[in-house]
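All remarks here apply to the structure that follows.
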Amino acid sequence: MTDELLRVDDLCAGYGASQVLEELTFSMGNQGVSLVGRNGMGKTTLCNTLMGMISPTSGSITFQGERIDGLAPEKVARRGIAYIPQGRRLFPSLTVDEHLAMLAKGARGKRWTPDAVYELFPRLAQRKRNGGAELSGGEQQMLAVGRALLLNADLYLMDEPSEGLAPTIVDTLIEAVQTLVSEGSAVLIVEQNLRAATSMAERQLIMVSGRIEHETTAAELAENADLQRQYLGVDA
């Protein structure tokens, strides 16, 4: 039985008068979990609410036994959640090395250091003197993940990490997430890429209209065409 790390109970949140999350409930421990669903189901809204960028209207978020709903994003991050958002949000003029150096001091003596990131992503080591704007989309995503790893967080939250990337780069990211999970890290992955989602995590949570509608396993979701058609709009 996996110890509970994150618990979300009856969470409601949205934008102004538009409510997106509808009494959403789930929990997870130190494991990999993929959150999948069609566009517009509220997956990114959930990420933003977990990180304190959106205040919930009701419900609760408990992390490591303490309520974090309503906390500012920087306080959520200090509690031990690292966020890799869509869009990567890198500094165009800073080199790969400079991006990692900003967080290197706090990473000394911990599992993830710049050297460990370069070992995980050898391509970044080859490009360490290149600026963020000079990197390919895949290299930028590797850097975004590597930067988050230097926080040595208790939970890594990834929003659409494979979006727009070539299959070979997606494979590299899959291997990175598998490494994290195998070492006991908690990773919550929001994905629309079915292959990536089912390769990165065994638990699969399917989101429909702002709530968790169904839970299944990676093997069942990958093999069950009816589930894919019903919840994800994937043709057999």
Item to check | Single condition GLU163 does not satisfy, out of (1) touching a residue at least 12 places away in the same chain (Cβ under 8 Å); (2) outside any loop (DSSP other than H, G, I, E, B) | outcome: (2)
Checklist entry - If you go through region 181-195 one residue at a time, do you hit one that is under 24 Å from VAL20 (Cβ atoms) and over 13 Å from the mean Cα position of the chain (by Cα)? => result yes
Checklist outcome for this item: Of the residues in region 166-180 that are in contact with a Gly (Cβ under 7 Å, 6 or more places away or on another chain) and outside any loop (DSSP other than H, G, I, E, B), the one that is nearest to THR198 (Cα to Cα) is VAL177
Checklist entry - Out of region 113-150, which residues are within 19 Å of ALA166 (Cα to Cα), in a helix (DSSP H, G or I) and small (Gly, Ala, Ser)? => result GLY132, ALA133, GLY137, GLY138, ALA144, GLY146
Checklist entry - In the set ASP97, ASP154, ASP69, which member is at pLDDT 95 or above, closer than 19 Å to ILE189 by Cα and among the acidic types (Asp, Glu)? => result ASP154
Item to check | Matching entry among LEU50, LEU103, LEU90 (being at pLDDT 95 or above and either on the phi > 0 side of the Ramachandran plot or among the hydrophobic types (A, V, I, L, M, F, W, C) (or both)) | outcome: LEU50
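Looking only at residues in region 79-95 that are charged (D, E, K, R) and assigned to a loop (DSSP other than H, G, I, E, B), which one is surrounded by the fewest Cβ atoms within 10 Å (Cβ to Cβ)?
If we filter region 79-95 for residues that are charged (D, E, K, R), which is where we start, we get 79, 88-89.
Then keep just the ones that are assigned to a loop (DSSP other than H, G, I, E, B); that gives 88-89.
On the way: ARG88: 19, ARG89: 12.
That would be ARG89.
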Next on the checklist: Against the definition (acidic (Asp, Glu), modelled with pLDDT under 95, surrounded by 21 or more Cβ atoms within 10 Å (Cβ to Cβ) and out of contact with any His (no Cβ under 6 Å at 6 or more places or on another chain)), how does GLU191 come out, yes or no?
Outcome noted: yes
Item to check | Of all residues making up region 51-78, the number that are within 27 Å of THR179 (Cα to Cα), out of contact with any strand residue (DSSP E or B) (no Cβ under 6 Å at 6 or more places or on another chain) and either crowded, with 16+ Cβ neighbours inside 10 Å or aromatic (Phe, Trp, Tyr) (or both) | outcome: 2
Checklist outcome for this item: GLN31 meets each of (1) surrounded by 18 or more Cβ atoms within 10 Å (Cβ to Cβ); (2) out of contact with any Pro (no Cβ under 8 Å at 6 or more places or on another chain); (3) closer than 28 Å to SER162 by Cβ with one exception, condition (1)
Checklist entry - If you go through region 53-61 one residue at a time, do you hit one that is of a type outside the set (Phe, Trp, Tyr), in contact with a Pro (Cβ under 9 Å, 6 or more places away or on another chain), more than 17 Å from ILE212 (Cβ to Cβ) and at pLDDT 95 or above? => result yes
Item to check | Residue that is farthest from LEU24 (Cα to Cα), among those in region 211-236 that are out of contact with any strand residue (DSSP E or B) (no Cβ under 7 Å at 6 or more places or on another chain) and surrounded by 16 or more Cβ atoms within 10 Å (Cβ to Cβ) | outcome: ALA222
Next on the checklist: Only one of SER185, SER136 is surrounded by fewer than 22 Cβ atoms within 10 Å (Cβ to Cβ), closer than 30 Å to ARG211 by Cα and not hydrophobic (A, V, I, L, M, F, W, C). Can you tell me which?
Outcome noted: SER185
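The values are calculated or read from the model by the stated rules, or taken from the named source; none is laboratory data. Because the structure is a prediction, the values reported are computed rather than measured. Heads up, the Cβs are rebuilt from the backbone with ideal geometry, glycines too, and the neighbour counts pull from every protein chain shown.
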